[in-house]
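The values are calculated or read from the model by the stated rules, or taken from the named source; none is laboratory data. These numbers come from a predicted model, not from an experiment. For neighbour counting, all protein chains shown are included, and Cβ atoms are generated from backbone atoms with ideal geometry for every residue, glycine included. Surface areas here come from the heavy atoms of the whole protein model, side chains and all, with no ligands, DNA or RNA. Shrake-Rupley method; radii C 1.70, N 1.55, O 1.52, S 1.80 Å.
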Amino acid sequence: MKFAVIGHPIDHSLSPIMHDANFKSLKRDDTYEALNIPPKHFHLIKEIINEKELDGFNITIPHKESIIPYLDEIDDHAQKIGAINTVKIENGRWLGYNTDGVGYVKGLQAVYPNLEDAKILLIGAGGASKGLAATLNEIVKAPLTVANRTMRRFETWDLAVEQFTLSEAEQALNQFDIVINTTPAGMNQNKDVVIALDNLAPHTLVSDIVYVPAKTPILALAEAKGNPIYNGLDMFVNQGAESFKIWTGQDADTDTMKNAVIEQLKRRN
């Protein structure tokens, strides 16, 4: 079977290395490549994918919403989120899914077993935040709180969450058991920290969905305060494993996938 990830830019993606390691471990002859598709060429997506004869593909920034009009069917969970990261091609039909939230929450439950009882703050109200919120809403008893710089971002939200400004979240920070940064702040040498951690309670787990760098500025700040931290590596691995299962019906070797990513990151540092 043939798979790919599409995005722009895409050169930095570790998805091909991660999936190839899984294929090798499971003794499969599948292939997985990275396809750079600039937004100005996205209208050619059907032709590009059909020419490659793919059985499925992942979608990353900036195409997770742009892909929707090209799909024949969308999974209910992905419909709630309004963003797609996985497409399965079956008898010429394009079926859309979102495995980001499931991937992140599966990892989070391993480090925070009492997740259903946690009071959670999500920072950022973009597509990634929606994906996490849709999954967490199915598990967590207390209402989720989502904080964003501008409240207009919530106009596209159909999910039931408490909506805060960043300053409101900063003031109420000590009420939360888990704080999750879903914004790009901290990526690619960016030193921004979206929210001040002055009011952080000592027990609060601070998480970031970014995994490069392994310790983003917000995680470094939280760790310096003595708080537990958790990055986005497991989310990346688990979302890929969930995509693989959608495409093939087979469970992925997540340990091998994770080790392949860690080894590659070591080589880059």
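Listed here are the residues, each with its yes/no results for (1) polar (S, T, N, Q); (2) touching a helix residue (DSSP H, G or I) at 6+ places or on another chain (Cβ under 8 Å).
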residue: GLN175; (1), (2): yes, no
residue: ALA214; (1), (2): no, yes
residue: LYS225; (1), (2): no, no
residue: GLY232; (1), (2): no, yes
residue: GLU242; (1), (2): no, yes
Worksheet, complete the sentence: THR99 passes all but one of the listed conditions (1) open to solvent by 20 Å² or more (accessible area, probe 1.4 Å); (2) over 21 Å from ILE229 (Cα atoms); (3) at pLDDT 95 or above; (4) among the polar types (S, T, N, Q); the exception is number (1)
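Sort out which residues of segment 109-129 are open to solvent by 40 Å² or more (accessible area, probe 1.4 Å) and not hydroxyl-bearing (Ser, Thr, Tyr), and write them in order of number. Talk me through it step by step, then tell me what you get.
Residues of segment 109-129 open to solvent by 40 Å² or more (accessible area, probe 1.4 Å): 109-114, 116-117, 119.
Listed by number, the residues that qualify are GLN109, ALA110, VAL111, PRO113, ASN114, GLU116, ASP117, LYS119.
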Item to complete: Check off (1) open to solvent by 60 Å² or more (accessible area, probe 1.4 Å); (2) over 18 Å from LYS80 (Cβ atoms) for ALA147 and give me the number that stays unchecked.
Response: (1)
Worksheet item: Under 9 Å by Cβ, and 6 or more places apart or on different chains, what pairs join a residue from segment 3-25 that is under 23 Å from PRO38 (Cα atoms) and of a type in the set (D, E, K, R) with one that is at pLDDT 95 or above and part of a strand (DSSP E or B)?
Response: ASP11/ALA34; ASP11/ASN36
Worksheet item: Given the conditions (1) surrounded by fewer than 21 Cβ atoms within 10 Å (Cβ to Cβ); (2) in a helix (DSSP H, G or I); (3) at pLDDT 95 or above, which single one is not true for ARG153?
Response: (3)
